[in-house]
């Protein structure tokens with residue numbers, strides 16, 4: 001089951017009616033749409049900041065940031081816990097916990113295959129975060 005998406009529209013005019021760039025981010029509140037511009041263009045409202053903060057918080061942990069990088073850059077774009085434990089001096093349950101946090105934040109999708117769970121980076125969520133926090137095009 002995929003997470004619902006928060007829609008952050010960059011319109012330049014501050015309205016959602018004529019979006020030029022849509023930023024889709026995972027949301028903890030299903031069916032809610034928000035409009036905003038990238039951080040370098042205009043400030044977020046309190047509500048928008050509350051929607052984006054859990055994603056950034058999930059990535060703020062060094063282990064989770066490395067896990068995202070390992071999963072996203074892996075050939076085939078997916079990895080199982082057994083593929084990731086060797087990169088860390090942590091137990092498999094700890095790695096699984098960090099992967100669960102990333103999944104619950106909407107940054108990783110997962111699929112159970114037999115006894116293993118395979119994780120895949122949500123490329124749209126990562127790209128949208130990049131648009132949100134990146135610099136505007138010159």
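Those residues that are over 15 Å from residue 66 (Cβ atoms) and either touching a strand residue (DSSP E or B) at 6+ places or on another chain (Cβ under 9 Å) or not assigned by TED's automatic domain parsing to the domain that holds residue 71 (or both), I need them from segment 105-122; list them, please. Step through it out loud before you land on a result.
Applying the first criterion (over 15 Å from residue 66 (Cβ atoms)) to segment 105-122 yields 105-106, 109-118, 120, 122.
Those that are over 15 Å from residue 66 (Cβ atoms) and either touching a strand residue (DSSP E or B) at 6+ places or on another chain (Cβ under 9 Å) or not assigned by TED's automatic domain parsing to the domain that holds residue 71 (or both): 105, 106, 109, 110, 111, 112, 113, 116, 117, 118, 120, 122.
Is it the case that segment 50-68 has a residue that's under 23 Å from residue 133 (Cα atoms) and loosely packed, with under 12 Cβ neighbours inside 10 Å?
Yes.
When you look at residue 89, is it touching a helix residue (DSSP H, G or I) at 6+ places or on another chain (Cβ under 8 Å) and either modelled with pLDDT of 90 or more or buried (at least 18 other Cβ atoms within 10 Å of the Cβ) (or both), yes or no?
No, not satisfied.
Answer with yes or no whether residue 105 is under 10 Å from the mean Cα position of the chain (by Cα) and either free of Cβ contacts under 8 Å to residues at least 12 places away in the same chain or loosely packed, with under 14 Cβ neighbours inside 10 Å (or both).
Answer is no for this residue.
The values are calculated or read from the model by the stated rules, or taken from the named source; none is laboratory data. Just so it is clear, the model here is predicted, and its values are computed rather than measured. Positions of Cβ are generated from backbone atoms using ideal geometry, with glycine treated the same way; all protein chains shown enter the neighbour counts.
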